[in-house]
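The values are calculated or read from the model by the stated rules, or taken from the named source; none is laboratory data. Predicted model only: the values in this text are computed from it and were never measured. Here the Cβ positions follow ideal geometry from the backbone for every residue, glycine too, while neighbour counts run over all protein chains shown.
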Amino acid sequence: MALAHIEKNIQQYTDTELVTAILDGHTALFEIVIRRYNPFLYKIGRSYGFNHHDTEDLMQEAFINSYLKLEQFANRSSLKTWIVKIMLNQCYHKSQKHSYQKEQLIESIPDHASVMNQINPQSDNGKTVIKRELNSIIETCIQKLPKEYRTTFTLRELLGLSVAETADSMQTTASNVKVRLNRAKALLRKEIEKIYTPEDIYEFNLVYCDRIVNAVMQNIYEIERRKK
């Protein structure tokens, strides 16, 4: 099915209609499912701690498994929830496998090399280093905000003052505090984006979306071809 036709119909089909049509043999419509839920699965994989490449692999597996098990989907939950659960399950099992592999590797390493664990991102020390680095980056970005936005952000988000308390402290109105905070967050995001690529902050743009769609659909068509 042509991409233009798919894009035209992304919002037209409900999830229930998509499932029914796909099970009736309209395999190409599964592309809509992939495009609709790509961003959700990507953020799940990244928030689970997997890098961009591993997350893409997990997404492909989740979508292929979703297609293969589609007949089991009974509308007891939303299609989004059902696919998200499949992704979460795969992330969990992959993380468990990685943990086991790391344990086996550590057992095989001489005692004098155990210091290498200190730079393991999954270790407590690794997490501390990453957190410290992230805090430093955020602090640097905050310093680049205009003074009024920076102060508002600090009072509300870092110190936990209420809108009223912040307004009183800055001798302004509550509405101004809300506006400044929203603008501060928007500007802060832009500053952070100058340092991190889109995929580093859990975004999933069209280029990657197309790649996942193509890879998954090729696998699905191959599966269907073998059935014949």
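Taking segment 207-224 as the range and being more than 17 Å from the chain's Cα centre (by Cα) and in contact (Cβ under 8 Å) with a residue 12 or more places away in the chain as the test, the residues that pass are ALA215, VAL216, MET217, ASN219, ILE220, TYR221, ILE223, GLU224. All of GLU203, GLU224, GLU191, GLU165 fail the test of being farther than 23 Å from PHE63 by Cβ and either modelled with pLDDT of 90 or more or surrounded by fewer than 16 Cβ atoms within 10 Å (Cβ to Cβ) (or both), apart from GLU165.
The residue that is nearest to LEU18 (Cα to Cα), among those in segment 50-89 that are of a type in the set (Gly, Ala, Ser) and surrounded by 14 or more Cβ atoms within 10 Å (Cβ to Cβ), is SER66.
Would it be correct to say that LEU88 is in the same structural domain as PRO39 (by TED's automatic domain parsing) and at pLDDT below 85? Answer is no for this residue.
Please go through segment 140-162 and pick out each residue that is surrounded by fewer than 14 Cβ atoms within 10 Å (Cβ to Cβ) and not aliphatic (A, V, I, L, M).
Those that are surrounded by fewer than 14 Cβ atoms within 10 Å (Cβ to Cβ) and not aliphatic (A, V, I, L, M): THR140, GLN143, LYS144, PRO146, LYS147, GLY160, SER162.
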